[in-house]
Amino acid sequence: MRKPEIQSEALNTAVTQKTLIAPSILSADFSRLGEEIEDIEKGGCDIIHIDVMDGRFVPNLTLGPPVIKHFRKVSKLPFDVHLMIDEPINSVADYRKAGADWITIHVEAASDVSATLTAIGDLGAKRGISLRPMTPLSAVEPYLDQVDLVLIMTVEPGFGGQSFMPEMLKKIRTLRPKFTGLISVDGGINVETGRASLEAGADILVAGTSVFGQEDRAQAIASLRRAAGK
Ligand code: DX5
Ligand code: ZN
């Protein structure tokens, strides 16, 4: 097991240092996305989380490779591209070319999950897999040795600003001892729910509203980073 339950102050510190903060730009001002990305990068985040929605897998539509390509001009941080799209195998190469460092697909969205993950790896990107809240963890377990990241959805994918589903903490706790890669948690993350997720075994906090909803993004990011230690 890579990350045991938090039992001591020293462990709290260790966990805090390893925590990665990934603001989700879904909650940013889309009329000035470049500046918003610069703002969170200056604010000290580790990863830029980019939510891609196709209006089919989820009932919302966001952006695609032509837009992501331009983000590369303003940021050197890793781009974690969360694909909420049907049959992602058809476009993973385009996302990689546009600058995606991590490509996360949904287990429910691909007819051949294994082939899709192989395609992502062959492109030189890190492979991520995600699951809807109602999808059992057993759906992703067959692919654990093929992925670098598991993204646990703690809201129904599609929109920012929803409430964290505490029942999802059990998925993190169950997954932690079985998986040596990174566990990311996405949806309704704030200081309180972030802390609970880190204590359950998560490594990466994806946060939209709790970062972009605040004037001072550096402070919002710092609060999340400290979440495990408080
Ligand atoms: C939801 C997206 C999330 C979302 C998080 O489908 O995957 O990344 O933007 O936003 P908040 O933090 O507001 O729940
Ligand atoms: Zn996301």
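The values are calculated or read from the model by the stated rules, or taken from the named source; none is laboratory data. Since the model is a prediction, treat every value here as computed from it, not as a measurement. FYI the Cβ positions are ideal-geometry reconstructions off the backbone, even for glycines, and counts take in every protein chain you see. Calculation scope for accessible area: heavy atoms of the full protein, side chains included, ligands and nucleic acids excluded. Shrake-Rupley method; radii C 1.70, N 1.55, O 1.52, S 1.80 Å.
Just one of the listed residues (S223, S184, S197, S163) is within 19 Å of S130 (Cβ to Cβ), surrounded by fewer than 21 Cβ atoms within 10 Å (Cβ to Cβ) and of a type in the set (S, T, N, Q), namely S163. Residues that are touching a Leu at 6+ places or on another chain (Cβ under 9 Å) and under 20 Å from V155 (Cβ atoms) within region 61-101 comprise T62, L63, D80, H82, listed in sequence order. Listed by first and then second residue, the pairs linking a residue in region 213-224 that is at pLDDT 95 or above to a residue that is of a type in the set (D, E), with Cβ atoms under 7 Å apart and 6 or more places separating them unless they lie on different chains, are R217/D39. Listed by first and then second residue, the pairs with beta-carbon distance under 9 Å, at least 6 apart or on different chains, first residue in region 115-140 and on the phi > 0 side of the Ramachandran plot, second outside any loop (DSSP other than H, G, I, E, B), are G124/R96. Residues in region 167-175 include none that are open to solvent by 60 Å² or more (accessible area, probe 1.4 Å) and either near ligand 1 (Cβ under 9 Å from one of its atoms) or of a type in the set (S, T, N, Q) (or both). Residue count for region 60-95 satisfying the condition of being within 15 Å of E108 (Cα to Cα) and either assigned to a loop (DSSP other than H, G, I, E, B) or open to solvent by less than 60 Å² (accessible area, probe 1.4 Å) (or both): 7. Only one of the listed residues (V140, V150) is under 19 Å from I21 (Cα atoms) and in contact with a strand residue (DSSP E or B) (Cβ under 8 Å, 6 or more places away or on another chain). That residue is V150. Residues in region 96-106 that are assigned to a helix (DSSP H, G or I) and of a type in the set (A, V, I, L, M): A98 only.
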